[in-house]
Amino acid sequence: GEGGAGEEVSLFVGEVAGEVGVPVLFVTDVLREACSVGAAVASSRGAQLLALFDEEVPGVRASERALREALANVIDNGLKYARPPPGGGEPCVSLSCRWCEEEGKVLTEVWNSFSPPLPDEDLRRAFEWGYRGAAARKSDAEGTGLGLQIARRLVESMGGTLCLHNAPMPGWAAAESGAGAAGIGAPPEGVSAVLMLPRAGDHT
């Protein structure tokens, strides 16, 4: 049942996040690794994977396994639900990582093309145990509905946050892919997963 899944995930999160001697890691290093795996998955699905990493991103204090697992789940979710834009073109997923001065956090964004916009309820409930929103029910995407839940629990164990919202394709990705360029129209719509982590030393 639902409780059982939640319990199993809690045990898994505890095991992954509870590693002793937590090191300082760079999200960009872990993302680069995830990118090489993601690129193969993207090409097998006929999707485009774009990446932009700032070089000056501070380190975060996290279990490498927990960070890797969280990022892999979020990227996998983006690849699973990326859809071709209504105006034509390939499904697209973009990854970016930068230091967010306003929030004082390391910000990682995983965006995937998807329309129409997801209902607010789906955005809000995407992190509930086993919840599969309209996109999952309508698509042929396989899955347990636990990927984002596990990712959020892992991110929270590192003192961070993970949320979803509807958003147009990031400007840098639109420029790189040629989407919405040359006055052809607005950038494609999609869904953005935003992961914020405190830099090493900022934990309370």
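By accessible area, using a 1.4 Å probe on protein heavy atoms only, region 50-127 has 46% of its surface on carbon and sulfur. With all protein chains in place and ligands, DNA and RNA left out, the 1.4 Å accessible area ranks SER96, SER157 as SER157, SER96, largest first. For region 164-178, the Karplus equation 6.51 cos²θ - 1.76 cosθ + 1.60, evaluated at θ = phi - 60°, returns couplings of 10, 8, 6, 7, x, 4, x, x, 4, 6, 4, 5, 5, 8, x Hz by residue, with Gly and Pro reported as x.
The label point for GLU121 and the one for ASP54, both projected 7 Å from the Cα toward the Cβ, are 3.8 nm apart. Each of ARG65, ARG125 has its accessible area taken with a 1.4 Å probe; listed largest first, they run ARG65, ARG125. Here the Karplus relation 6.51 cos²θ - 1.76 cosθ + 1.60, evaluated at θ = phi - 60°, turns the backbone of region 32-42 into coupling constants of 4, 4, 4, 5, 5, 5, x, 4, 5, 5, 4 Hz, with x for every Gly and Pro.
Across region 185-193, coupling constants 3J(HN,Hα) worked out from phi with the 6.51/-1.76/1.60 Karplus curve, θ = phi - 60°, read x, 6, x, x, 7, x, 10, 10, 9 Hz, and Gly and Pro carry x.
Close amide-amide hydrogen proximity is noted between GLY190 and PHE114, ALA167, MET169, each under 5 Å apart and 5 or more residues distant or on a separate chain (H modeled in the peptide plane; Pro and chain starts excluded).
The charge dipole of region 46-106, taken about its Cα centre with unit charges on the Cβ of Lys, Arg, Asp and Glu (plus for the first two, minus for the last two), comes to roughly 320 debye. Distance between the 7 Å Cα→Cβ label points at GLU102 and ALA167: 1.0 nm.
The values are calculated or read from the model by the stated rules, or taken from the named source; none is laboratory data. Every value quoted in this text rests on a predicted model; they were computed, and no experiment measured them. Please note: Cβ atoms are built from the backbone with ideal geometry, for glycine as well, and neighbour counts cover all protein chains shown. Side chains included, ligands, DNA and RNA excluded: accessible areas come from the protein's heavy atoms. Shrake-Rupley method; radii C 1.70, N 1.55, O 1.52, S 1.80 Å.
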